[in-house]
Every structure is written in structure tokens, then in C-alpha cells.
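What follows is a set of notes on a single structure, which appears directly below.
Each reported figure results from applying straightforward, stated rules to the coordinates on display, with no laboratory input. Quantities reported herein were computed from a predicted structural model and do not represent experimental measurements. Using ideal geometry, Cβ is built from the backbone for each residue, glycine included, and neighbour counts are taken over all protein chains shown.
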Amino acid sequence: MPDRLAFQLATREIARYADLLIEVIEPLTEEQLWGKAGGIPNAIGTLVRHLTGNLNHYFGAGVLENGYVRDRDREFIEGDIPKGKMLSDLRAAVEIARKAAEQVTDEQLQRRPYRTPNGEEYESLAYHATRNAMHFALHYGQVDYAKNYLE
């Protein structure tokens, strides 16, 4: 099935970019994680929290129907979360996306249009998963760029 393959490939890309993101974050200090050097609008930690919330929302609540309730605004105002907690939360969210790829049903993949937990409509779940992979890659790029101002 093309939709199933597209969904699985999108979640694989998310996991790949998450590994790259973790490589960038691990050597950073807490100060670097939450600072806004170089005039960047969001701290690296904020972007990581946002990506974590995104995965939990769209793959956890949306596909696995695990009851996750997103507070998107909090992702952008809550800071100074310890790096270890942030990384474990990110890893757990990537695992949720991986489980979603394993457990997504044919019914979910065939639903047209696909509606997210907050009511957004997309052509299909596979398309939406691809958008999520692109979103993750975009923010990974922002983090990679921002770290250059920390050195």
C-alpha cells in the first residue's frame, strides 16, 4: 500500500533527524540550550520541546489515540527543563511515532480527509506524516544553525 509505505518512510525520517538533533544537543550546556545567542527567536530547548509536543500530539493522540493532550503554548513558554529530561522526552516521543508506524490501521490510512486531534484537515494521514517529517527537518535545521552562535 502506498499510504502505509509513505507513513513508514516519514516516521523513519523523523527518527533519523531526531538522532541528528540529539547529537547536536548532547554536548550543549544548560545555558546554551536555553539561551538566545545571535538573536534567534526561540532557544534550542524551546524548539526541542515543540518537536516533542508535535510528535506526541500527531502520532500519540492522532494515530495511537493514547489520550495525550497538547498544550502548544506551554511548549514555547516553559524553559529551563533539564537537558536529560528534555532528551528522554524527545526519545519517548520518537518511540511513539515509531509505534504509530507499526500500529496504524488501514482504516486510518484510507480516511479522506484525515482530521488531526485539533481538527485540522489534510489530504491523508500519509501526507500529514510527510508534513511532520518536513516540519521536524526544518526545526532541526534551525537548531543546527543556532548552535553555530553558541561557539
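Is at least one residue of region 60-73 over 17 Å from HIS135 (Cβ atoms), without any contact (Cβ under 8 Å) to a residue 60 or more places away in the chain, in a helix (DSSP H, G or I) and of a type in the set (Lys, Arg)?
No; the residues of region 60-73 include none that is over 17 Å from HIS135 (Cβ atoms), without any contact (Cβ under 8 Å) to a residue 60 or more places away in the chain, in a helix (DSSP H, G or I) and of a type in the set (Lys, Arg).
Pick from region 74-113 the residues that are assigned to a helix (DSSP H, G or I), without any contact (Cβ under 8 Å) to a residue 60 or more places away in the chain and among the acidic types (Asp, Glu): which of them is nearest to ILE22 (Cα to Cα)?
Among those that are assigned to a helix (DSSP H, G or I), without any contact (Cβ under 8 Å) to a residue 60 or more places away in the chain and among the acidic types (Asp, Glu), it is ASP89.
I need the full set of residues from region 19-49 which are within 26 Å of ALA126 (Cβ to Cβ) and in contact with a Phe, Trp or Tyr (Cβ under 7 Å, 6 or more places away or on another chain), in order please.
Those that are within 26 Å of ALA126 (Cβ to Cβ) and in contact with a Phe, Trp or Tyr (Cβ under 7 Å, 6 or more places away or on another chain): LEU20, LEU21.
Given the residues GLY62, GLY53, which is the only one that is in contact with a strand residue (DSSP E or B) (Cβ under 9 Å, 6 or more places away or on another chain) and under 25 Å from GLY119 (Cα atoms)?
Checking each option against the conditions leaves just GLY62.
Select from region 1-11 the residues that are loosely packed, with under 14 Cβ neighbours inside 10 Å and part of a helix (DSSP H, G or I) and write down the one among them that is nearest to the chain's Cα centre (by Cα).
Among those residues, the one meeting the criterion is LEU5.
Could you tell me whether region 33-56 includes any residue that is free of Cβ contacts under 8 Å to residues at least 24 places away in the same chain, surrounded by fewer than 22 Cβ atoms within 10 Å (Cβ to Cβ), assigned to a loop (DSSP other than H, G, I, E, B) and of a type outside the set (A, V, I, L, M)?
Yes, some residue in region 33-56 is free of Cβ contacts under 8 Å to residues at least 24 places away in the same chain, surrounded by fewer than 22 Cβ atoms within 10 Å (Cβ to Cβ), assigned to a loop (DSSP other than H, G, I, E, B) and of a type outside the set (A, V, I, L, M).
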